[in-house]
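Below: the structure, in structure tokens.
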Amino acid sequence: ALILFKSMCSNGVMPNTVTCTIIIDGLLKVGSITEFLKFLTEMDEIGIVPNLYTFNTIINGMCKAQMLDMAWGFLGIVMKRGLVLDVVLYSTLISILINNSNLEQACKLFGEMVKEGVTPNMFTYTSLITGLCREGNFLRAWCLLEEMVEKGFAPDRIVYTSLISGFCKHKKMKKAEEVFRKMQENGLTADAYLYNCLIDGYCKLFLMDFAISKMDKMIQYGLTPDVVTYTILINGYRKMGDKDKALKMYKLMLKQGISPD
RNA sequence: GAAUAGGUGGAC
């Protein structure tokens, strides 16, 4: 893509902020930090001005690359330029805080955003609900979910997965199954991602039969167990000391054409 | 007109 971009420029087609943002997104997603920094200075040299999309892409990318300090540096630039944070940037920041176990700051930022008159959306709510569920604060998570629904956002598969994953992490499989059922009653279908959460929950409780029957179920529904599914099950058997079954599961995975990561 | 943000595993 970078090569195409260069040839585009030399053919006289002028890049703009949108094309540059796409390139930056790509560079950061494959982890080419140095390429990205070089690109940024080139952008500056030809006078292309980054906008909120660009900065959001950069901040999100830097955090995923574990370069938090740099990310905050870019946030400082956003402020200094007098750009007004929008719902996407707020949601990105909240998600970052959640993923760094900084729930308090995330909640604070949420309050700030509302005070600034920015309306939270599904992304914002889901990040916060995820954080609350990870901590086991299901009561507050549920309150937020209700608030979300009141504001007119119908829960989707992702926010249901946040809740279910939280219950599974805290070994509350009854609640997890309850929410799972509710989700399906609401006409949503599960994906492999969601099944993996449930399978992991049962493995944590050493309920391998339940875990396996979940895997069967996902296959029944036309889903394919992936490398994460197998890793969960292999580790489940290992934690129980059942090396044979762990090895069997590993071989099954290879037979399905999935290689370990 | 086109670009950005939310949910799973890896034991000891």
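Every number here is computed from the coordinates shown, using simple stated rules; none is lab data. Not measured: the values here are computed from a predicted model. As a convention, Cβ positions derive from the backbone with ideal geometry for all residues, glycine included, and neighbour counts pool all protein chains shown.
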Open item on the list: Looking only at the stretch A:216-257, count every residue that is hydrophobic (A, V, I, L, M, F, W, C), in a helix (DSSP H, G or I) and either near RNA strand B (Cβ under 10 Å from one of its atoms) or in contact with a helix residue (DSSP H, G or I) (Cβ under 6 Å, 6 or more places away or on another chain) (or both) and tell me the total.
Closed with: 9
Task: Count of the stretch A:23-35 residues which are in a helix (DSSP H, G or I), under 17 Å from A:L4 (Cβ atoms) and not small (G, A, S) - done: 6
Open item on the list: I'm checking my understanding of the structure. Among residues of the stretch A:99-148 that are basic (K, R) and either in contact (Cβ under 8 Å) with a residue 60 or more places away in the chain or surrounded by 16 or more Cβ atoms within 10 Å (Cβ to Cβ) (or both), which one is nearest to A:K174 (Cα to Cα)?
Closed with: A:R134
TODO: Could you tell me whether A:L75 is in contact with an Asp or Glu (Cβ under 6 Å, 6 or more places away or on another chain), more than 10 Å from RNA strand B (Cβ to nearest atom) and not small (G, A, S)?
DONE: no
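Mind checking which residues of the stretch A:89-113 are of a type outside the set (D, E, K, R), over 19 Å from A:N56 (Cα atoms) and either within 11 Å of RNA strand B (Cβ to nearest atom) or part of a helix (DSSP H, G or I) (or both)?
A:L103, A:C107, A:G111
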- [ ] List the number of the failed condition for A:V149; all other conditions in (1) more than 10 Å from RNA strand B (Cβ to nearest atom); (2) over 29 Å from A:I94 (Cβ atoms) hold.
- [x] (2)
